[in-house]
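To keep things clear, I will list the structure first and then write my remarks on it.
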Amino acid sequence: MLAAYYEGDHRIVVHDVERQPPGRGEVQLQVAYSGICGTDLHIHDGDMDARVSRPAILGHEMSGTVVVVGDDVTDWASGDEVVVVPLDWCGTCPACLGGNSHICHRLNFIGIDSPGALQNFWNVPQRVLVPVPPGLGLREAALAEPTAVAVHDVRRAELQKGHKALVVGGGPIGLLIASVVRAVGGDVVVSEPSPDRRQLISQLGIRAVDPGDDLATVVSEWTQGAGVDVSFEVSGSTAGMEAAVMSLATRGRLALVAIHSRPVPVNLFQFFWRELTLVGARVYERADFEEALNLLKNGAIPTDVIISDVVPLTDASTAFALLHSGQAMKVLVDCNEVK
């Protein structure tokens, strides 16, 4: 079987390796598609070398089919189409005991801390599987993980029907959040500096604005001076954080989605003055995956627009290059196709 390894120094190399049987309580999946995300790019660029052991098989966004079940597996059978919630928790830390196993203190993020989906066959614990609903293709189901991120973000923001929401950053996650907001019944505007991405978002009937065109005035006119009920900071920039805070209405909620690896200034006076709330949104829970799959099946997520490229596993390095170019939205790796 083939597997794509991150070997350090921006190198993704595909190797022919021996296929291993699943262990007790594990299933073996034939991976259909694996998506590449911003975290994978950070790993590829060496930013997470202190955490990621090398060589490493990346990939935590995926869809596939059960082909073999290990001992003590009773809930799954060969032929089942599934996605993976790539979180393996300890069950004993304060977060787990408090019902928050998705942010376990000793979380094994599968595809980062342990081998991921960029391979033909993948052995995973049975408890991380979620069934793909009938009628949803595996290509579209591969977006379950990033869509679950968006569902979790919107839930954490407590967004309700009729709320106005500003999404700061129109990349794949920003577009997914905007799509989920729209599905919930919210009114959404996306702030995005890239004209190509703004055009793409606008084609979906979602308003996209250039943050350089006096975003404060745009928000004021849109909300009749009140500000938005919810803002989502997805850009990871200082300017994006400032815009997300300053756009909020009285008692508005800011959902922090982007990973800010370094401290950024935050206008705490605005939080005091308008009684704002800041919530973190790190990953997702199983219910978020289930809702994500429903949204994908019902057509609420514009999969044809979000999936911009599909490359074979033997060309996995091309997926990273496409994302680095800034010209792609979501790149999928077809883990069964070879060039």
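Go through the stretch 204-215 and give me each residue that's in contact with a strand residue (DSSP E or B) (Cβ under 7 Å, 6 or more places away or on another chain) and farther than 22 Å from Glu158 by Cα. First the steps, then the outcome.
Residues of the stretch 204-215 that are in contact with a strand residue (DSSP E or B) (Cβ under 7 Å, 6 or more places away or on another chain), as a first pass: 206-209, 211, 215.
Correct list: Ala208, Val209, Pro211, Leu215.
Specify which of the listed residues (Val311, Val305, Val331, Val266) is closer than 14 Å to Leu176 by Cβ and either β-branched (Val, Ile, Thr) or free of Cβ contacts under 8 Å to residues at least 12 places away in the same chain (or both). Before the answer, list the steps.
Values: Val311 fails: closer than 14 Å to Leu176 by Cβ; Val331 fails: closer than 14 Å to Leu176 by Cβ; Val266 fails: closer than 14 Å to Leu176 by Cβ.
Of the residues listed, the single one that is closer than 14 Å to Leu176 by Cβ and either β-branched (Val, Ile, Thr) or free of Cβ contacts under 8 Å to residues at least 12 places away in the same chain (or both) is Val305.
Out of the residues in the stretch 184-215 meeting the condition of being assigned to a loop (DSSP other than H, G, I, E, B) and of a type in the set (A, V, I, L, M), tell me which one is nearest to Leu276 (Cα to Cα). Break it down into steps so the answer makes sense when it comes.
Filtering the stretch 184-215 for residues assigned to a loop (DSSP other than H, G, I, E, B) gives 185-186, 192-194, 204-206, 210-214.
Retained after the next criterion (residues that are of a type in the set (A, V, I, L, M)): 204, 206.
Values: Leu204: 31, Ile206: 26 Å.
Applying the filter and picking the extreme gives Ile206.
Tell me, which residue of the stretch 191-230 that is among the hydroxyl-bearing types (Ser, Thr, Tyr) and closer than 26 Å to Ser308 by Cβ is surrounded by the fewest Cβ atoms within 10 Å (Cβ to Cβ)?
Narrowing the stretch 191-230 to residues among the hydroxyl-bearing types (Ser, Thr, Tyr): 191, 194, 202, 217, 220, 223.
Right, trim to closer than 26 Å to Ser308 by Cβ and you get 191, 194, 202.
Values: Ser191: 30, Ser194: 16, Ser202: 13.
Among those that are among the hydroxyl-bearing types (Ser, Thr, Tyr) and closer than 26 Å to Ser308 by Cβ, it is Ser202.
Within the stretch 101-118, identify whether any single residue is surrounded by 21 or more Cβ atoms within 10 Å (Cβ to Cβ) and either part of a strand (DSSP E or B) or at positive phi (or both), and answer yes or no.
Yes, there is a match, as at least one residue in the stretch 101-118 is surrounded by 21 or more Cβ atoms within 10 Å (Cβ to Cβ) and either part of a strand (DSSP E or B) or at positive phi (or both).
If you go through the stretch 179-199 one residue at a time, do you hit one that is under 25 Å from Arg286 (Cβ atoms) and under 15 Å from the mean Cα position of the chain (by Cα)? Working first, answer last.
As a first pass, look at the stretch 179-199 and keep what is under 25 Å from Arg286 (Cβ atoms): 179-186.
Retained after the next criterion (residues that are under 15 Å from the mean Cα position of the chain (by Cα)): 179-180.
Checking the stretch 179-199: at least one residue is under 25 Å from Arg286 (Cβ atoms) and under 15 Å from the mean Cα position of the chain (by Cα).
Given the conditions (1) of a type in the set (S, T, N, Q); (2) more than 25 Å from Gly280 (Cα to Cα); (3) in contact (Cβ under 8 Å) with a residue 12 or more places away in the chain, report the number of the one that Asn108 does not fulfil.
All conditions are met except number (2).
When the stretch 48-74 is examined, which residues are found to be part of a loop (DSSP other than H, G, I, E, B), out of contact with any helix residue (DSSP H, G or I) (no Cβ under 6 Å at 6 or more places or on another chain) and in contact (Cβ under 8 Å) with a residue 60 or more places away in the chain? Write out each step before concluding.
Keep residues of the stretch 48-74 that are part of a loop (DSSP other than H, G, I, E, B), which gives 48-55, 57-60, 70-74.
With the extra rule that they be out of contact with any helix residue (DSSP H, G or I) (no Cβ under 6 Å at 6 or more places or on another chain), the set shrinks to 49-51, 53-55, 57, 59-60, 70-72, 74.
Arg51, Ile57, Gly59, His60, listed by residue number.
Quick check on the stretch 87-100: of everything there that is in a loop (DSSP other than H, G, I, E, B) and on the phi < 0 side of the Ramachandran plot, which residue is surrounded by the most Cβ atoms within 10 Å (Cβ to Cβ)? Let's see the steps before the verdict.
Of all residues in the stretch 87-100, those in a loop (DSSP other than H, G, I, E, B) come to 89-93, 98-100.
Now narrow it down to the ones that are on the phi < 0 side of the Ramachandran plot: 89-90, 92-93, 98, 100.
Values: Trp89: 19, Cys90: 14, Thr92: 11, Cys93: 16, Gly98: 9, Asn100: 15.
The extreme case among them is Trp89.
If you scan the stretch 6-24, which residues turn out to be part of a loop (DSSP other than H, G, I, E, B), acidic (Asp, Glu) and under 23 Å from Arg51 (Cβ atoms)?
Narrowing the stretch 6-24 to residues part of a loop (DSSP other than H, G, I, E, B): 9-10, 17-24.
Next, from what is left, pick out any that are acidic (Asp, Glu): 9, 18.
The one that is part of a loop (DSSP other than H, G, I, E, B), acidic (Asp, Glu) and under 23 Å from Arg51 (Cβ atoms): Asp9.
So which of Leu166, Leu136, Leu159, Leu176 is outside the structural domain of Arg207 (by TED's automatic domain parsing) and either of a type outside the set (Phe, Trp, Tyr) or assigned to a helix (DSSP H, G or I) (or both)?
Working: Leu166 fails: outside the structural domain of Arg207 (by TED's automatic domain parsing); Leu159 fails: outside the structural domain of Arg207 (by TED's automatic domain parsing); Leu176 fails: outside the structural domain of Arg207 (by TED's automatic domain parsing).
None of the others qualify; the one that does is Leu136.
Hey, could you check the stretch 216-231 for residues that are assigned to a helix (DSSP H, G or I) and of a type in the set (Val, Ile, Thr) and say which is nearest to Glu158 (Cα to Cα)?
Top of the filtered list is Val219.
Only one residue in Val188, Val124 is crowded, with 16+ Cβ neighbours inside 10 Å, outside the structural domain of Leu323 (by TED's automatic domain parsing) and at pLDDT 95 or above, so which one is that? Even if it seems obvious, please write down each step before you answer.
On the way: Val124 fails: outside the structural domain of Leu323 (by TED's automatic domain parsing).
Being crowded, with 16+ Cβ neighbours inside 10 Å, outside the structural domain of Leu323 (by TED's automatic domain parsing) and at pLDDT 95 or above holds for just one of Val188, Val124, which is Val188.
Output the residues belonging to the stretch 2-44 that are among the acidic types (Asp, Glu) and more than 18 Å from Val66 (Cα to Cα). Don't jump to the end; show me each part of the working.
Restricting attention to the stretch 2-44, the residues satisfying the condition of being among the acidic types (Asp, Glu) are 7, 9, 16, 18, 26, 40.
Result: Glu7, Asp9, Asp16, Glu18, Asp40.
The values are calculated or read from the model by the stated rules, or taken from the named source; none is laboratory data. Since this is a predicted model, take the numbers as computed values, not measurements. With ideal geometry, Cβ positions are generated from the backbone for all residues, glycine too; neighbour counts draw on all protein chains shown.
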